[in-house]
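These notes are about the structure you will find just below.
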Amino acid sequence: MSKKKFTFKLLFFLVFTDFMETFTHLCFKKSALIDNEVVITRFSEVFVFLQSVFSSPFLWLGLLSVLGTFIIWSTLLSKIDLSVAVPVCSFSYILIPLASIVFLHEKVSLFRWSGVLFILLGVVFVSLSASEKERALE
């Protein structure tokens, strides 16, 4: 197995995928909110809701973002270990609540922010263990 070096360029693209993932989730949420008037009480109303969602440009932007994220993510995984990539990409757990506050005017509780803090600490520990692993291989 070849040695996989974690570079600044890889870190940049990992963080970029976090921003793309956040954008994707915002687009999907906005597409679901397009027609707040639809109340689904019967099965036939599901089709009315789906029609409004599928006609939303936000849905299509979100799907394009998924495709872009997939292409970048697949390339990154050929360069670094999955056990490093996934925790580093956990920054979307911070970006999504922030974007929800700014763009969707949602409220995020202190309890939820403390969970985000624990995720951040996990990312730091995983990053430290990755650099330890690299030093051991040198």
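Read-outs throughout are calculated quantities, based only on the coordinates presented, and are distinct from any laboratory measurement. In this text the structure is predicted, and so the values were computed from the model without any measurement. Every residue, glycine among them, receives a Cβ derived from its backbone with ideal geometry; neighbour counts consider all protein chains shown.
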Open item on the list: Taking the 0 to 90 degree range and rounding to the nearest ten, how far is the long axis of helix 8-32 tilted relative to the main principal axis of the chain, both from C-alpha atoms?
Closed with: 10 degrees
TODO: Report the full-extension gain for the segment VAL86 to LEU50: residue separation times 0.36 nm, less the Cα-Cα distance, to one decimal in nm.
DONE: 9.8 nm
Open item on the list: Please list 3J(HN,Hα) in residue order for segment 82-96, calculated via the Karplus relation 6.51 cos²θ - 1.76 cosθ + 1.60 where θ = phi - 60°; whole Hz, with x for glycine and proline.
Closed with: 4, 5, 9, 4, 5, x, 5, 7, 6, 5, 5, 5, 8, 5, 5
- [ ] Would you compute, from DSSP H runs of 4+ residues alone, the mean residue ellipticity of the chain at 222 nm, taking -39500 (n - 2.57) per run and dividing by the full residue count, rounded to the nearest 500?
- [x] -26000 deg cm²/dmol
Open item on the list: Test of understanding: in a Gaussian network model of the chain with alpha carbons linked when under 10 Å, which of VAL88, VAL15, VAL48 would top the mean-square fluctuation ranking?
Closed with: VAL48
Open item on the list: Number of Lys pairs in the chain with C-alpha atoms less than 14 angstrom apart, excluding same-chain neighbours closer than eight positions?
Closed with: 7
Task: Read-out Kirkwood radius over Cα pairs in Å, derived from the coordinates shown; its label in (1) 17.3; (2) 15.8; (3) 14.8 - done: (1)
- [ ] Work from the charge dipole of the chain (Cβ charges, +1 for Lys and Arg, -1 for Asp and Glu, about the Cα centre) and give the residue of GLY122, SER55, PRO97 farthest towards its positive end.
- [x] GLY122
Task: GNM result for the chain, Cα springs below 10 Å: residue of VAL124, VAL46, VAL66 fluctuating most strongly - done: VAL46
Task: Ranked list, fewest to most other Cβ atoms within 10 Å of each Cβ, for LEU64, LEU128, LEU76 - done: LEU128, LEU64, LEU76
Task: On Cα atoms only, tilt of 43-54 relative to the major axis of the chain in degrees - done: 60 degrees
